[in-house]
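Structure first, commentary second.
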Protein chains: 2
Amino acid sequence: MNNFQYQNPTKILFGKGQIASLDKELPRDANILLLYGGGSIKRNGIYEQVTATLGDRKVVEFGGIPANPEYAKLMEALKVIRELDITYILAVGGGSVIDGAKFLSAAARYTGDDPWKILTDNISVKEGLPFATVLTLPATGSEMNSGSVITRAETKEKLAMGGPGLFPVFSILDPEVIHSIPQRQLANGITDAFTHVLEQYMTYPTGALLQDRLAESILQTLIEVAPKVLEDPTDYTAASNFMWSCTMALNGLISKGVPTDWAVHAMGHELTALYGIDHARTLAIVAPSHYTYNFEAKREKLAQYGERVWNITEGSTEERARAAIVRTEDFFHQLGIDTKLSDYTDDYEGTGEEVARRFTERGWKGLGEHRSLTPSDAEQIVKMAY
Amino acid sequence: MNNFQYQNPTKILFGKGQIASLDKELPRDANILLLYGGGSIKRNGIYEQVTATLGDRKVVEFGGIPANPEYAKLMEALKVIRELDITYILAVGGGSVIDGAKFLSAAARYTGDDPWKILTDNISVKEGLPFATVLTLPATGSEMNSGSVITRAETKEKLAMGGPGLFPVFSILDPEVIHSIPQRQLANGITDAFTHVLEQYMTYPTGALLQDRLAESILQTLIEVAPKVLEDPTDYTAASNFMWSCTMALNGLISKGVPTDWAVHAMGHELTALYGIDHARTLAIVAPSHYTYNFEAKREKLAQYGERVWNITEGSTEERARAAIVRTEDFFHQLGIDTKLSDYTDDYEGTGEEVARRFTERGWKGLGEHRSLTPSDAEQIVKMAY
């Protein structure tokens, strides 16, 4: 087990009816920016539930945060925060809205001239404007971590930021919010959370026996509930385990003491940038090829995963490891997620080269748990995913 | 899954050499009370490691906190805190020293006339004097929770306290500290952590699929590392997983969304009070009888535990559940822990009645996950453990 530090101060309020807790959790004298996305919260009743609990607090609404939270839009929100002396951000939405709130939390307290530098200069944010979340789409885990990814259309950049000051003060997780989520987004959420776990688990053994089992627990739970979530989002047992699994998949706990990969995300981000493919779907495209390409390095963990998560007990280590990749791809298919780039675009020729070119251009230092994958490796992996 | 709230702000610094982090984590201007137990830290080198990092901070030592932290002794420490304007407590020890630090943290900020009322009046402590811990004995999980149990010899009372203000600011978990722990205490630590998980898991199914698997992960890890920890405490993989499992067993996570039992602890405490048997050993005495006595209510979970944790796949639900109890008792035996009261005392006749009498005298409201066990049930359970 590697040395680690772990701290996660976010308060979680989980379960049916928890949105009503907002009144108790939010400071009475808060001057609130209510941040949300494309307006689905006004159609599914969540907006009414939220505003009903805010009482006579001062609330300014700011909607329209897009699926990949866009810098230009967020700068408009920042202007509102500054002009109206906002003291608290309440993000009601999925990962994009919450990631946007994290940028705003940091930018509101940033004293430099250009808030974009928070991202380009890799500033670790020690203190931000307080913010809380009401999660409406289980997937990213952003509701219980301090990381954020912001997109800037103008420069075609998608950059990460974070810091110990960017944990939500509290997050409300009511599994009943998934009732109105379209199948496509439910499948994306399951795939996203599943891949988050794989990125922190599918590396090499380091004697982190407990962490391995915790990661496997989340994978097993997602596999168990996935068909039920898709078949009937009102199945509360399925919905609640889906939601809590998504949060636990990326709240920092399972990555402590182990190496992490995150190469699937790095390559996936480029496919989103190039073709606008849903983030989760790019992960399902890249992951099987990535594990096949890096088979030798990941063989032991692949076999362990096959045995413990997929009950593959027959065959050699190599055979169990190979079978585990097949089962993973089958799982994505069962969710209705296609796993080849050619399923999404006819214009895939040259994508491997383009991804490699982009990585090279940025002076990429190496991907994966050994930071050893080169742009040329990424090219091969993406080509395997055509 | 039941509704729940979860928040745990304690910062964990885990791994080899982490004691040196004290210098960075402790405020420079802190006026520190260094709290410890019987002095083993002066024999095993931990005292030197700790004091070497404290630099020129003002430090007052207070040793001698006994195995069940004693109120009278703690009141002496409280006097020191008040007289010397202590601003920070550093607890170096196991669960007893850390529990003692929690009482002192609360008492130092308590404005009433008699600090014992913090326990008798069940005061939820919102804010205490800041304190941190260096864990020297994995077992109780006190290093990452906000609960404490204090003993008062004068009145033969052993009472619990806690509150959101009683989480350690940070805790240092260096698995190498177990090198010098006697076998008896290592076996106790494993048994204590294992039973902590059972108390939060061995109830009835509530559709908390993820929590069940997380609990099972800790049990599986403890079973895997237990023989290695006892055979060679310098086996770092075994030591680190043992230590992290003990913390994860009682940091609040696995109890969220599920019913909890804690009847084994309630009965066990009485056996410690009556015969001075080590806390962990009383749990091993009571648990098998408790699960046998409450077999019908716990059958489903016992069978699930047997199947997933002990790989008992043959037989009916009832047979797997019965076999799981046998395997649990065998596990304790393999740790060198006797599981019958008569293994510890010849004077056991009448113990069941005495435990029942004590519960009745206190106006007991019912034990177990249904709060339905009566003093008479406890009497039968204890008698089954003779």
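Would it be correct to say that A:Val258 is assigned to a helix (DSSP H, G or I), in contact (Cβ under 8 Å) with a residue 60 or more places away in the chain and out of contact with any strand residue (DSSP E or B) (no Cβ under 8 Å at 6 or more places or on another chain)? Criteria not met by A:Val258. Among the residues of segment B:302-326, those identified as surrounded by 16 or more Cβ atoms within 10 Å (Cβ to Cβ) and charged (D, E, K, R) are B:Glu307, B:Arg308, B:Arg320, B:Arg322. Checking each residue in segment B:230-245 for being acidic (Asp, Glu) and more than 10 Å from every other protein chain (Cβ to nearest Cβ) picks out B:Glu231, B:Asp232. When the test is whether a residue is touching a residue at least 60 places away in the same chain (Cβ under 8 Å), part of a helix (DSSP H, G or I), more than 29 Å from A:Asn3 (Cα to Cα) and of a type in the set (Val, Ile, Thr), B:Ile277 does not pass it.
I need the full set of residues from segment A:136-160 which are assigned to a strand (DSSP E or B) and within 14 Å of chain B (Cβ to nearest Cβ), in order please. Across segment A:136-160, there are no qualifying residues. Among the residues of segment A:255-262, are any more than 14 Å from chain B (Cβ to nearest Cβ), surrounded by fewer than 20 Cβ atoms within 10 Å (Cβ to Cβ) and under 14 Å from the mean Cα position of the chain (by Cα)? Within segment A:255-262, one or more residues are more than 14 Å from chain B (Cβ to nearest Cβ), surrounded by fewer than 20 Cβ atoms within 10 Å (Cβ to Cβ) and under 14 Å from the mean Cα position of the chain (by Cα). Highlighted here are the strands (runs of 3 or more DSSP E) found entirely within segment A:1-90 that include at least 2 residues which are within 14 Å of chain B (Cβ to nearest Cβ) and farther than 17 Å from A:Leu135 by Cα: A:4-14. Where residues in segment B:73-98 are in contact with a strand residue (DSSP E or B) (Cβ under 6 Å, 6 or more places away or on another chain) and small (Gly, Ala, Ser), which of them is surrounded by the most Cβ atoms within 10 Å (Cβ to Cβ)? Taking the candidates together, the pick is B:Ala91.
Within the set B:Glu354, B:Glu314, B:Glu369, the sole residue that is among the acidic types (Asp, Glu), in the same structural domain as B:Thr191 (by TED's automatic domain parsing) and assigned to a helix (DSSP H, G or I) turns out to be B:Glu354.
Considering only residues that are touching a Leu at 6+ places or on another chain (Cβ under 9 Å) and assigned to a helix (DSSP H, G or I), look in segment B:161-187 and name the one that is farthest from B:Leu373 (Cα to Cα). Ranking the candidates gives B:Val177 first. Residues in segment A:235-255 that are assigned to a loop (DSSP other than H, G, I, E, B) and either within 25 Å of A:Val286 (Cα to Cα) or in contact (Cβ under 8 Å) with a residue 24 or more places away in the chain (or both): A:Leu250, A:Asn251, A:Gly252. For segment A:286-295, the criterion of being in a loop (DSSP other than H, G, I, E, B), touching a strand residue (DSSP E or B) at 6+ places or on another chain (Cβ under 8 Å) and either at pLDDT 95 or above or assigned by TED's automatic domain parsing to the domain that holds A:Leu214 (or both) is met by at least one residue. In this structure, B:Phe131 does not qualify as crowded, with 24+ Cβ neighbours inside 10 Å, within 14 Å of another protein chain (Cβ to nearest Cβ) and of a type in the set (Phe, Trp, Tyr).
Within segment A:188-229, the only residue that satisfies the criterion of being crowded, with 21+ Cβ neighbours inside 10 Å, within 14 Å of chain B (Cβ to nearest Cβ) and not in a helix (DSSP H, G or I) is A:Ala208.
The values are calculated or read from the model by the stated rules, or taken from the named source; none is laboratory data. This one's a predicted model, so the numbers in the text were calculated from it and none came from an experiment. Methodologically, a virtual Cβ is constructed for each residue, glycine included, from the backbone with ideal geometry; neighbour enumeration extends over all protein chains shown.
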